[in-house]
Amino acid sequence: MASSDTVYRHLECRPDSYQGWYNQARQLQAHSKLEDALYSYQRALEYHPNDYFAWYHHGKVLEELGQYPSALNSFHQAGNLQPNNYWAWYSIGYILQEKLARHTEAMIYLRRALVNNPQDYWINYRLAKSYFYLRKYIHALDFFHHALKIRPRDYWSLYRCGECWQKIGNLTSARHSYLEALDIKNNDYWVIFQLMNIAEKQCLYSEVIMWGKILLDLDFESEEIISKLAIAYRILNKSEELKGESKK
């Protein structure tokens, strides 16, 4: 990798061709000299305004600078130049979903990317997330399950499946998904807490206590956990008292 001194020597040279400006932009981008890289990409585009790679990397620099509307425009330019190229459409979908929370729009571009790369984990995962945020949980599950076919032991897909199953009221399937996620991240607070919640909803108070104790042993203590444990102990104690009365 070039040193900072080399980078600035290139800047002083002032390239006079597309390739010179493009190469300089790539080097500046690699050194996180983003404003200078942006200027260099713009100069490269003056020579070749229909160059996919210059537009795409121009968009990536703008994305890193947090200039999302301008980044979207650059990715659109790139995508229109190479409609079958996965990366430009995926990048648009990513920004719309993760940075701007425009999930319906995000799905349009993620689906374009999906056509070009249907076995890509990230497209399937992000399409699932957009459906989840739009409260279309069955569709979300379809895409999470497809993501799991590509990455069978993916914690986040399994965790999100658990969320979807909970939203549609299938606690048994939710529990199964969370247990699979727990097998990957054994001491994960969020999975254990969700298993505790499901046990409470299913009136499995011994399990509530079991999961609550695990959380406390892992030093995850909160008023909510203590409250759930107290209720479970109280219900089980009353149940034992009733059993004792019935035997008299």
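Here are some notes:
- Relative contact order [Cα under 8 Å, 6+ residues apart], the chain, whole percent: 8 percent
- Using C-alpha pairs under 8 Å with a sequence gap of at least 6, the mean separation divided by the residue count of segment 57-165 gives a relative contact order of 16 percent.
- Least to most buried among 112, 151 (fewest other Cβ within 10 Å first): 151, 112
- Checking [x] 1.02; [y] 0.93; [z] 1.20 against the coordinates, the calculated Rg/Rh (Cα atoms, Kirkwood Rh) falls under label [z].
- Whether segment 152-210 is rounded, prolate or oblate, judged on the alpha carbon gyration tensor where a/c under 1.5 counts as rounded: oblate
- Rel. contact order, % - alpha carbon contacts under 8 angstrom, at least six apart, segment 101-248: 13 percent
- If you plug the beta carbon distance of residue 46 and residue 68 into 1/(1 + (r/R0)^6) with R0 = 30 Å, you get a FRET efficiency near 0.80.
- Within segment 169-194, backbone nitrogen closer than 13 Å to the virtual label 7 Å beyond the Cα of residue 153 toward Cβ: 180-186
- Ordering 196, 210, 107 by the number of other Cβ atoms within 10 Å of each residue's own Cβ, fewest first, gives 210, 107, 196.
- Rounded, prolate or oblate (a/c below 1.5 giving rounded, otherwise prolate when a/b exceeds b/c) for segment 71-211 by Cα gyration tensor: prolate
- Positive-end residue, segment 45-170 charge dipole about Cα centroid, Cβ charges, pick of 113, 88, 54: 113
- Given R0 = 25 Å, the distance between the Cβ atoms of residue 235 and residue 188 translates into a calculated FRET efficiency of 0.40.
- Counted as membrane-span-like here are DSSP H helices of the chain whose alpha-carbon atoms extend 15 Å or more along the helix's own axis and whose Kyte-Doolittle mean is -1.0 or above; these are 34-47, 52-64, 68-81, 103-116, 121-133, 137-150, 155-167, 171-184, 189-201, 205-217, 223-247.
- Extension gain, residue 206-residue 142: 0.36 nm per intervening residue step, less the Cα-Cα distance, totals 19.7 nm.
Taken together, the values in this text are just the output of simple stated rules run on the coordinates, not laboratory data. Being a predicted model, the structure only gives us computed values, none of them experimental. Don't worry about glycine lacking a Cβ; one is built from the backbone with ideal geometry, like all the others, and counts go over all protein chains shown.
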